[in-house]
Amino acid sequence: MKMRSIIIFYILLATLLTAQGENTLNFAIGEWNPHTGTSLPEYGFVTAVVRKACLEAGLSPTFYFFPWPRAEYLVQKGDFFATFPYLQIPEREDFFYFSDPLFISKLIIVRNKDSKRTAEFKYSGRIEELKSYRIGTTAGTKAVVVPLRSRGILVEESASLDFALKKLAKGRLDFVIDEYKVILDASKNLFRGQENPIDIIEKPFAENLEYCLMVSKAYPNAQVLLKRFNEGLRKVLGQEK
């Protein structure tokens with residue numbers, strides 16, 4: 001019965017999306033506080049930027065929340081125009097176009113303050129330095145998973161960053177790597193009312209990373225709509241040519 005309800009939901013959703021006008025853009029996104037989230041004002045500050053850019057371009061945005069793997073799959077199929085925020089990496093370029101940057105950030109490495117195993121660890125920027133450690137990240141974070149696994153480093157993907165940080169606090173992981181603001185927000189909320197056990201490694205895993213809209217190549221008129229979006233985004237960010 002549950003599977004039937006899910007199928008009916010997607011049929012109704014597809015019918016609704018098809019009936020909307022050509023200037024309506026449908027976005028499939030997930031929870032990634034403080035960037036996106038159903039409980040956040042305007043669904044998060046990045047969602048607010050996307051909405052303003054759309055309106056500047058004469059486009060009407062609608063946001064639907066899904067688990068991240070489902071959101072990416074629905075966009076890849078062309079059921080939705082785009083998802084965000086994503087990094088442009090080669091593994092995604094066969095299926096997606098990417099917008100101008102929505103914001104620039106970095107990936108940081110965090111450890112458990114009480115871990116003797118990582119107490120003396122210093123990161124110089126060589127990924128191989130992480131090889132003997134247990135690394136965790138959020139499922140689907142390819143900017144972390146791909147470079148680590150390509151060098152033979154084991155990385156454990158968790159369904160959410162909260163799960164990864166809990167494993168770190170319990171000593172089941174040595175390090176967690178994820179986006180800077182997401183880690184700060186998650187650790188603040190997760191360990192509220194107690195001493196925060198998370199310590200940030202001084203050198204980032206990667207920095208100056210451009211997070212973008214990831215647009216489906218299967219979506220009708222995707223490139224035309226993306227061009228309009230980018231024009232609106234430049235106005236919002238004060239980058240008009």
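No value in this document is a laboratory result; all are computed from the given coordinates. A quick note: this is a predicted structure, and the numbers were derived from the prediction, not measured. All Cβ positions, even for glycine, are placed from backbone atoms using ideal geometry, and neighbour counts span all protein chains on display.
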- request: Keeping to segment 48-81, report how many residues are buried (at least 22 other Cβ atoms within 10 Å of the Cβ) and among the hydroxyl-bearing types (Ser, Thr, Tyr).
  value: 0
field: Criterion (among the small types (Gly, Ala, Ser), out of contact with any Lys or Arg (no Cβ under 6 Å at 6 or more places or on another chain) and in contact (Cβ under 8 Å) with a residue 60 or more places away in the chain) met by exactly one of SER60, SER115, SER99
entry: SER99
query: Taking segment 134-149 as the region of interest, how many residues are surrounded by fewer than 22 Cβ atoms within 10 Å (Cβ to Cβ) and touching a Lys or Arg at 6+ places or on another chain (Cβ under 8 Å)?
result: 2
- line: Of the listed residues (ALA82, ALA71, ALA143, ALA119), the one being hydrophobic (A, V, I, L, M, F, W, C) and in contact with a Gly (Cβ under 7 Å, 6 or more places away or on another chain) is ALA71
- prompt: Residues in segment 171-188: is at least one of a type outside the set (S, T, N, Q), closer than 30 Å to VAL49 by Cα and free of Cβ contacts under 8 Å to residues at least 40 places away in the same chain?
  reply: yes
